[in-house]
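Just below is one structure, and these are the notes that go with it.
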Amino acid sequence: MSRLDIFIARMTAQKILLEYVADRIADIDGPVFELGLGNGRTFDHLREILPDREIWVFDRAVNAHPSSVPDGDHMILGEIRDTMPFCGPRVKRRAALIHCDLGTGDPTADIAKSAWLSPLIVEHTAPGGFVPSGIELDLPGFELVDIPPEARSKRYRLYRRFPEGE
Ligand SMILES: C[S@@+](CC[C@H](N)C(=O)[O-])C[C@H]1O[C@@H](n2cnc3c(N)ncnc32)[C@H](O)[C@@H]1O
């Protein structure tokens, strides 16, 4: 497989997975967190498929295509390790969906990121909420969900927080 093939497969899996999860959060209250604005492609897709959800976007910088930049109120700028622990007063609610697109492809860097990021995700996910992630996370109280075959990619995992009482 060429790198172009791998890239296309990963983008296809990402799109299918986001749509799969969007369908499953219909009954879960809470906003969406987009961790990693990047070019803004997945942010733009999320706002298209979830037009009634508030979307909070986290990144250390805004380098997105001009058509895919969130409004200033919903862009949380800075190192996620510094901003996410203190975003509560601004976002107010736990998220129904946290899309974690911060992977580097470097296994050591991803393990290090997972160590500080996992507890933050646990803190900010609503009961029953979903976390599609490009890096492996350690999330007590969550289950690893089967990904639809057409969205399977080595780079993606899907976690779901157990609903309260389950
Ligand atoms: C792979 S890109 C995201 C791609 C994006 N979802 C898209 O569809 O265009 C990863 C982004 O995460 C941001 N990022 C990575 N680690 C971060 C951190 N620790 N704090 C804040 N932003 C981070 C980078 O600046 C980069 O913009």
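The values are calculated or read from the model by the stated rules, or taken from the named source; none is laboratory data. Quantities reported herein were computed from a predicted structural model and do not represent experimental measurements. Note: ideal-geometry Cβ built from the backbone for every residue, glycine included; neighbour counts use all protein chains shown. Protein only, heavy atoms only, side chains kept; ligands, DNA and RNA dropped before computing areas. Shrake-Rupley method; radii C 1.70, N 1.55, O 1.52, S 1.80 Å.
Here are the numbers for this structure:
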item: Residue 24-residue 71 FRET efficiency (beta carbon distance; Förster radius 25 Å; 0.05 resolution); result: 0.40
item: Cα centroid of the range 11-41 to Cα centroid of the range 89-157, whole Å; result: 11
item: Derived scalar couplings ³J(HN,Hα) [the range 72-80; Karplus, 6.51 cos²θ - 1.76 cosθ + 1.60; whole Hz; x for Gly, Pro]; result: x, 5, 9, 9, 9, 8, x, 5, 4
item: Percent carbon-and-sulfur accessible area, the range 3-161, ignoring ligands, DNA and RNA, probe 1.4 Å; result: 52
item: Whole-Hz couplings from phi, Karplus 6.51/-1.76/1.60, listed for the range 83-94; x for Gly and Pro; result: 8, 5, x, 10, 7, x, x, 8, 8, 6, 10, 6
item: Rg/Rg_globular for the chain, with Rg_globular taken as 2.2 N^0.38 Å and Rg from C-alpha atoms; result: 0.97
item: Theoretical FRET efficiency, 1/(1+(r/R0)^6), r = Cβ-Cβ of residue 52 and residue 116, R0 35 Å, to 0.05; result: 0.65
item: Over the chain, relative contact order from alpha-carbon pairs under 8 Å, at least 6 apart, %; result: 24
item: Projected label distance in nm at residue 92 and residue 4, using a 7 Å step from Cα toward the beta-carbon; result: 4.8
item: For the chain, share of DSSP beta bridges that run antiparallel, in % to the nearest 5; result: 35
item: Contour excess over end-to-end distance, with Cα ends at residue 104 and residue 150 and 0.36 nm allotted per residue; result: 14.3 nm
